[in-house]
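Some notes on the structure that comes next.
Read-outs: derived from the displayed coordinates by stated rules, not from any lab. In this text the structure is predicted, and so the values were computed from the model without any measurement. Quick reminder, even Gly has a Cβ in these numbers, built from the backbone with ideal geometry, and neighbours come from all protein chains shown.
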Amino acid sequence: MTPTTTASLLSQRDRILLAVTVISAVAAGGLHYAHANSVVSFVVAAVALAALASLVGRSVEALGDRLGPSATGVLQSALGNLPELFVILFALKAGLFDVVKATLVGSILANVLLILGLAFLVGGRKHGRQRFAADDSRMLGLMLTLAVFILAVPSLTASLHTPAASHERVVSVVVSVVMLGLFALSLPATLARRASADQAGHSRSPSPIVASPDSAAAASKVAAHGEWPLAMAIGMLAATGIGAAFVSEWFVAALQPAMDSMGINQVFAGLVIVAIAGNAVENVVGIQLAAKNQMDYAVQVVLQSPVQIALTVAPIVCLAAGFLGQPGFDLVLSPLLLAAMVMSALVAVLVTFDGESNWFEGAALIALYAAIATSFWWG
Amino acid sequence: MTPTTTASLLSQRDRILLAVTVISAVAAGGLHYAHANSVVSFVVAAVALAALASLVGRSVEALGDRLGPSATGVLQSALGNLPELFVILFALKAGLFDVVKATLVGSILANVLLILGLAFLVGGRKHGRQRFAADDSRMLGLMLTLAVFILAVPSLTASLHTPAASHERVVSVVVSVVMLGLFALSLPATLARRASADQAGHSRSPSPIVASPDSAAAASKVAAHGEWPLAMAIGMLAATGIGAAFVSEWFVAALQPAMDSMGINQVFAGLVIVAIAGNAVENVVGIQLAAKNQMDYAVQVVLQSPVQIALTVAPIVCLAAGFLGQPGFDLVLSPLLLAAMVMSALVAVLVTFDGESNWFEGAALIALYAAIATSFWWG
Amino acid sequence: MTPTTTASLLSQRDRILLAVTVISAVAAGGLHYAHANSVVSFVVAAVALAALASLVGRSVEALGDRLGPSATGVLQSALGNLPELFVILFALKAGLFDVVKATLVGSILANVLLILGLAFLVGGRKHGRQRFAADDSRMLGLMLTLAVFILAVPSLTASLHTPAASHERVVSVVVSVVMLGLFALSLPATLARRASADQAGHSRSPSPIVASPDSAAAASKVAAHGEWPLAMAIGMLAATGIGAAFVSEWFVAALQPAMDSMGINQVFAGLVIVAIAGNAVENVVGIQLAAKNQMDYAVQVVLQSPVQIALTVAPIVCLAAGFLGQPGFDLVLSPLLLAAMVMSALVAVLVTFDGESNWFEGAALIALYAAIATSFWWG
């Protein structure tokens, strides 16, 4: 079975993905160094970034096949938002504070309203009313609301003209440390509990920051693919990680001139374009799961990302700002960004508590997304 | 069965209603053209309007008896708020923007807090704890929140001093088109699904904008009435529709002088007086259903109206403004109106998710209504 | 059984509590009149206050043993927050408006976020996921949200620059009368219904303001103690009540100089220090119940207090202000206090509707508390 091994190593889908990634990444690099038209450079870099994000996810899954479900969840939580994190960090380094903040909020909005809405719409059109009564979904909605409330504190102190308004950076750092402390606390218990859950035959996620093995497995099954050897999985992860770092820099470099030439302001670019490009892959998976009537997993896959954005990406970005030469960066959002974020958190918790969905609910979520996006068109 | 036919055509209740309507409508017209005392004119017009609203509802039910439950829901959703819509349009034409906006919010407030509170109070006093676990109620609460969040976007952009603040009319029009698009999308599916549901013997509302046939039937049974022939139902609907248009104009004409002479400002008048007068009939039905311990139907009847106000009446009014010579009208609410609307939407969703009610909860809802109404006394 | 009677009258725990109370109260008085170091005076008065609060609770329980469960709940609702009410009234009399308002909000925050968080954390660490599906918990969360929304009205009118902004005292008084009316309405039904519930063998709380007999009994069982004769219970209640009044005055007198010497502003002192000191006892009971896996009772004991603070203590304080020489006091909170209060009410309702808890949810609640407390550090 020597010739078939190579074939089974890379499924048809893997090979297409790899080809798209290499071609688009090389093209993005060439356009970047050739100082090509900014809109073209931006679009090619966006495609390369989405392809790389998909490959990162694929490598994490392949690694998980080898290390067991315990590790998959933790790896996914740590690396799943890696490309998005790179983009945000490069944007931060470039001083594009508005883009950074809008992308953080836009990721939450896009997942909760646009992608969950599409999942409900596609699933509901096909299967009628769909139920997802599992506790894990409810817990995710609740955690998103708590995380968003914590993340709202610096913005509230600033926009309500409190005495703390001149200490926004300090408040932001304290909030960041508190949130990363939460994440750190959850890790040992997650690993320990997972090991015992694996033995016990059932697996429930003890921490909502970490994808439950069941939903990770369901997401992975959506696309059939070959098994990778451990070395290949690790190598691919390293290669895609490094690739994502380069492409992210080119993406950010092309962002501002591209938006300027299209007459799109920074906030709208971050909130809508960067946020959707950065989450493109997991979004497709979530909608596919809904179409297969696996709503519990669809809701978990779609809501995992915004919880991680709020609880880990936002504080990492805030704490990293000092090392990136931007010590003035804080987590203060504009009042409208804050309102949009709080509305989407409340929608997430209400929709998951409701425990059922239909296509009309999905359409209403998309309508809310469209209305909010419209209100940011002017900045 | 010739002499009995006429008797069975119009029940005792029908005849009283018809008499009150004709007398009060004629009196309202007379007082209007005689330039009588404005408070008297206003009160008589309000009585005529409530009677006409009741007759419109009665005609829709009679039409539904002939056309089947599929049509009843759609007709009710399209025509149920007709008298209120007329009042709002005439107020808009007269340039009473504050009255228009306050009436829109006041209708939502009155239904969610005052009427639902009275239903819980009356039902709870009589039957103790009452449960309403049906999905349809939960769905209505969720839809009201989503609709109110969409409707909140223009107000948020304006009151948070965003760059979009000078584009409020555009944002309002986009939001209106999005919301009416949602409604239009729901109609074909509703009709198709309903027909199949009727055959299948059970009927669940696929769209929350449209009353479920069960709740419509329950609401209709509250008052025993005779069956009307199709022609009579159509004729009555046309006559009451035209009557409502005339009386609405007189009502609005008397509104401002009447409020001035009583020292009541426009916002309070719209929020409390016009909103309660415009919803008087369905409110009585909702409370009657609660007293009969049919809480599921009571909650649906009471919450259907605010969902329709937010998702259809508000955008129609916004888009019609251009044709009524008021191109400057937008959906920007004052911050306090916005806060009151958001609070009542959250209360609606929490109360329906809770799935049970008692008289104390009802009393608390009424207390919240009283507190909010008080805060608008000064404008 | 003559010698054993005295022993069984006062349990080991009773005797320790009594000794701590007498010693700390006497010491607090001595330090007050000796004009001792303000920080020492403040700490000793705080200990005395917590001990007195514990004894008041103990006396109410002992009285309840004699009068039956019907009376216990009403007594607890009327007297449970007595020491905290005294502190707030003395602070009001001293013109410390910021302390008063911050303490009201801080009590709600401390219970909903810090104490419920600790209960979830301790209980979850010991027992894994814990469920509390009872309707009484859900009802409490819902009532807290309704009470907080009512309480928010004066603040909204003031901070949104409405025409009512110059009538804040009137709005506050109307809101207070409405809320106390709600409480008064609930009393006769509570007593009557309880009597019948006692006979029927089951007991469900008809009013969320009043602790359900079951949860009161569970809370009382946490500590084993002897039975007190009626006269002793009444005498102890009177003595501790009078003692609490004195110690509260000393506590408030030491508050401002102690905070000044420690560089802590009034708002932070009220929000965090006074609020935690005033609720210390019931908090310990709530966490103990969670550790014993009695989550339903734990949630009820912890959430009862903030409902009472919002629905009875706040209006009493507002109406009493006139008699305490502070006619200018109103219920207008600073925007950040308002936001913190609304967030904690929403968290309370979501957490109770969720119906289950784990240690991570508890940790997130504590993190939110820490973030909010940080934002008030500067005032």
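Points to keep in mind about this one:
- Using a simple spin-label model with pseudo-atoms 7 Å out from Cα toward Cβ, A:Ala34 and A:Leu187 lie 4.3 nm apart.
- Shielding by partners, peptide B:150-161 (average Cβ within 10 angstrom, other chains): 5
- Local net charge near A:Phe376, Cβ-Cβ under 13 Å (Lys/Arg +1, Asp/Glu -1): 0
- Number of partner chain Cβ atoms within 10 Å, mean per residue of B:329-337: 2
- Sorted fewest first by neighbouring Cβ atoms within 10 angstrom, B:Met259, B:Met343 come out as B:Met259, B:Met343.
- The simple spin-label model puts a point 7 Å past each Cα toward its Cβ; for C:Arg66 and C:Ile264 those points are separated by 3.8 nm.
- For peptides B:291-297, B:369-375, C:27-33, sequence by mean Cβ density within 10 Å, most packed first: B:369-375, B:291-297, C:27-33
- Peptide A:356-364 is shielded by partner chain Cβ atoms: per residue, an average of 6 of them sit within 10 Å of its Cβ.
- From most to least packed by mean Cβ count within 10 Å, the peptides A:347-360, A:140-153 give A:140-153, A:347-360.
- Across the range A:321-335, computed HN-Hα scalar couplings (Karplus, 6.51 cos²θ - 1.76 cosθ + 1.60, θ = phi - 60°) run 4, x, 6, 9, x, 10, x, x, 5, 9, 9, 7, 9, 5, x Hz from first to last residue, x flagging Gly and Pro.
- Remark: relative contact order (the range A:12-133) = 16 percent; criterion is Cα-Cα distance under 8 angstrom and separation of 6 or more residues.
- Measuring nothing but how far apart in sequence close Cα pairs (under 8 Å, 6+ apart) lie, relative to its length, the range B:223-366 scores a relative contact order of 9 percent.
- The H on the amide N of B:Ala36, modeled in the peptide plane, is under 5 Å from the matching H of no residue at least 5 residues off or on a different chain.
- Protection proxy ranking, highest mean first, for peptides C:119-129, A:14-24: C:119-129, A:14-24, where packing is the per-residue count of other beta-carbon atoms within 10 Å, averaged.
- Amide hydrogen proximity for C:Glu356: with H placed 1.01 Å from N in the peptide plane, the residues at 5 or more positions away or on another chain lying under 5 Å are C:Phe132.
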